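One structure is given here, and the rest of the page talks about it.
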Amino acid sequence: MKETRDYVRLEAKSRALAFDYALGISILGLIPIDGLLTAKLLIAISLLIKMLWDIGVKWKFAKGQDILAIAGYVFGFIGALAIAFMAWLTLLAIGLFIPYVSSLKVAAALFTLTWVLGQNTNQFYASGHKKINKEASK
């Protein structure tokens, strides 16, 4: 019972960590200075890598994922890029009709990318953690 409670707590902390990073990285997209897109993206990529590392540290880099979990992680990464692009495109399209909405497109894309990658990484490590706990309880 205690193991289940610890697992739920760890998963909640990991989700909260991904949300905090998503909010922080999306703030980069709100900086209204022209010509900083490359710098914003480089900072966002470095923060994304740090977030993935921090989530791994929370789960103690749990190993033991099967081939389906690894494939799911890869497809989740590709899906995160696709969803972020769709968020960017949606706000670009809405911005054609409602002024100033298109200025939020980079922030929305960065938030979406960070959130989905964080959840994807969280699920990946959680699947390995479950397997380790099953083997340890036998």
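Loop-resident chymotrypsin sites (Phe, Trp or Tyr not before Pro) (DSSP state other than H, G, I, E or B) in region 38-67 with no more than 16 further Cβ atoms inside 10 Å of their Cβ: F61.
Note the full-extension length gain between D6 and L23 as 0.36 nm times their separation in residues minus their Cα-Cα distance, in nm to one decimal.
Computed gain between D6 and L23 is 3.5 nm.
Site pair L30 and L89 shows an inter-label distance of 2.7 nm when each label is modelled 7 Å from Cα along Cα→Cβ. Taking Cα Rg over 2.2 N^0.38 Å as calculated from this structure, the corresponding entry among (1) 1.14; (2) 1.01; (3) 1.21 is (3).
Adding -39500 (n - 2.57) for every DSSP H run of four residues or longer, then dividing by how many residues the chain holds, sets the calculated 222 nm ellipticity at -29000 deg cm²/dmol. In this label model, A16 and F97 are separated by 3.9 nm, measuring between points 7 Å along each Cα→Cβ vector.
Every number in this text was worked out from the coordinates using simple rules, so none of it is lab data. Keep in mind that what you see is a predicted model, and the values were worked out from it rather than measured. Glycine gets a Cβ as well: all are built from the backbone with ideal geometry, and neighbour counts include every protein chain shown.
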